[in-house]
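Undergrad: My questions all concern the structure below.
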Amino acid sequence: MIFQTIPKINCHVLFCEYEEQHGIGASKFVASDIRPNVRYIIELDRKRSDDAVFYECENQRFQNFITDGTGFQKADGTFSDISIIAPHLDIAAVNLSCGYEYAHKLYEEMHLDVMERNVGRVISILHKYCGVFPYVE
C-alpha cells in the first residue's frame with residue numbers, strides 16, 4: 001500500500017520493526033533525534049476493510065477529517081506503533097484497515113480488492129487540505 005501511495009504523494013514514510021513485541025521499533029524511533037515536520041500520521045496496519053483506530057488520540061477534528069466521506073469508521077484497538085509515536089511527536093494519528101483477516105495465524109488472508117480500494121482512500125485523504133492536527137489525549 002505504501003509503495004502504491006508514495007509515487008502520488010510527497011510524504012514521509014517510517015517502517016517500524018517488532019510492533020508485536022511491545023513496539024520495539026517505534027520505541028527506537030522515539031529515542032532517536034528524528035522529528036519529521038508532519039501534520040498527522042496514517043499507519044497502514046489494521047485488519048478488516050473500513051476501520052479507523054485512533055487509540056488514545058481524542059482529537060475530534062482529526063477523527064472527522066479521516067472518517068467524513070471516506071468510508072472509514074471509528075473502531076477500537078488496543079495497541080499499535082502510533083500509540084508510542086503520536087504522543088511523542090504531539091501529532092494526531094490513525095491506523096487504517098489494509099484488508100487482511102486472521103492476523104498472525106497460519107491461515108491469515110489478504111483481500112487485495114480491499115487493499116486496492118483503501119490505497120485510493122488513503123490517497124484521497126492525503127490530498128485533502130488541512131492544518132496540523134495535534135495529539136489530544
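Undergrad: What pairs come out if I take residues in the stretch 2-15 that are more than 18 Å from Gly120 (Cβ to Cβ) and pair them with residues that are of a type in the set (Phe, Trp, Tyr) whose C-beta lies under 9 Å away, six or more apart or interchain?
TA: Leu14/Phe29
Undergrad: Report the residue count in the stretch 67-120 for those that are β-branched (Val, Ile, Thr) and more than 28 Å from Ala31 (Cα to Cα).
TA: 4
Undergrad: Still on this structure, I have one more. Which members of the stretch 10-41 meet the condition of being within 20 Å of Val132 (Cα to Cα) and crowded, with 17+ Cβ neighbours inside 10 Å?
TA: Passing the criteria: Tyr40, Ile41.
Yes/no matrix, rows are residues, columns are (1) among the β-branched types (Val, Ile, Thr); (2) over 12 Å from the mean Cα position of the chain (by Cα):
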site: Val94; (1), (2): yes, no
site: Ser97; (1), (2): no, no
site: Tyr102; (1), (2): no, yes
site: Ser124; (1), (2): no, yes
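Undergrad: Same structure again: For the condition among the acidic types (Asp, Glu) and either under 21 Å from Val13 (Cβ atoms) or in contact (Cβ under 8 Å) with a residue 24 or more places away in the chain (or both), what is the one hit in Asp50, Asp113, Asp76? Let's see the steps before the verdict.
TA: On the way: Asp113 fails: either under 21 Å from Val13 (Cβ atoms) or in contact (Cβ under 8 Å) with a residue 24 or more places away in the chain (or both); Asp76 fails: either under 21 Å from Val13 (Cβ atoms) or in contact (Cβ under 8 Å) with a residue 24 or more places away in the chain (or both).
From the options Asp50, Asp113, Asp76, the qualifying one is Asp50.
Undergrad: OK, next. Looking at (1) surrounded by fewer than 17 Cβ atoms within 10 Å (Cβ to Cβ); (2) over 23 Å from Val132 (Cβ atoms); (3) in contact with a helix residue (DSSP H, G or I) (Cβ under 9 Å, 6 or more places away or on another chain), find the lone condition where His88 falls short.
TA: The one condition His88 does not meet is (2).
Each reported figure results from applying straightforward, stated rules to the coordinates on display, with no laboratory input. Note that this is a predicted model, so its numbers are computed, not measured. Methodologically, a virtual Cβ is constructed for each residue, glycine included, from the backbone with ideal geometry; neighbour enumeration extends over all protein chains shown.
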